[in-house]
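Visitor: The structure's right below; bear with me while I get my questions together.
The values are calculated or read from the model by the stated rules, or taken from the named source; none is laboratory data. Since the structure is predicted, the reported quantities are computational estimates derived from the model, not experimental observations. We place every Cβ from the backbone using ideal geometry, glycine too, and count neighbours over all the protein chains shown.
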Amino acid sequence: MTIDKTAVAGTLESSDSMVTVEPSDAGIQLELTSSVMNQYGRQIKAVVLDTLKRLDVTNARVSVIDQGALDCTIKARVECAVFRSCSKSETNIPWGGMIK
């Protein structure tokens, strides 16, 4: 998928993540901030990158502000932000069909 415009999903509430995706021409650029970075930073990064890979996103600037979200929440936020960025969330949302 191609990131056409900036899009955001999620909140800054406890146990959630705010994911912002923006267009880029320099591959995947990930900026991660987390309240549990020391404990789960590597796992959060892996979940974000794996989700982007499964969605065939190859160029994007991604910012994640995590407040202790579970992996399933992070996947959902990344998926939603990507769909919003390429206008797929307006019709025929393929929720769950893209992520295996």
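Visitor: Condition test on Thr58, is it in a strand (DSSP E or B) and either at pLDDT below 95 or hydroxyl-bearing (Ser, Thr, Tyr) (or both)?
Guide: no
Visitor: Oh, and also: Just to verify a result, which residue in the stretch 24-33, among those that are at pLDDT 95 or above and not aliphatic (A, V, I, L, M), is farthest from Ile44 (Cα to Cα)?
Guide: Looking at residues that are at pLDDT 95 or above and not aliphatic (A, V, I, L, M), I get Gln29.
Visitor: Then there's this: Which condition from (1) at pLDDT below 85; (2) in a helix (DSSP H, G or I) is the one that Thr73 breaks?
Guide: (1)
Visitor: Just for the stretch 13-25: of the residues that are within 14 Å of the chain's Cα centre (by Cα) and not charged (D, E, K, R), which one is nearest to Asn59 (Cα to Cα)?
Guide: Once the filter is applied, the top-ranked residue is Pro23.
Visitor: Of everything in the stretch 1-39 that's hydroxyl-bearing (Ser, Thr, Tyr) and outside any loop (DSSP other than H, G, I, E, B), which residue is surrounded by the most Cβ atoms within 10 Å (Cβ to Cβ)?
Guide: Checking each candidate, the answer is Ser17.
Visitor: Could you grab me the full set of residues in the stretch 44-71 that are free of Cβ contacts under 8 Å to residues at least 40 places away in the same chain, β-branched (Val, Ile, Thr) and surrounded by 18 or more Cβ atoms within 10 Å (Cβ to Cβ)?
Guide: Hits for the stretch 44-71 are Ile44, Val47, Val48.
Visitor: List pairs: first in the stretch 18-34 and touching a residue at least 24 places away in the same chain (Cβ under 8 Å), second among the basic types (Lys, Arg) and surrounded by 14 or more Cβ atoms within 10 Å (Cβ to Cβ), Cβ under 7 Å, 6+ apart or cross-chain?
Guide: From residues that are touching a residue at least 24 places away in the same chain (Cβ under 8 Å), the pairs are Val19/Arg77; Glu22/Arg61; Ser24/Arg61; Gln29/Arg61; Leu30/Lys45; Leu32/Lys45.
Visitor: For Arg42, work out the one condition from (1) part of a helix (DSSP H, G or I); (2) in contact with a helix residue (DSSP H, G or I) (Cβ under 7 Å, 6 or more places away or on another chain) it doesn't fulfil.
Guide: (2)
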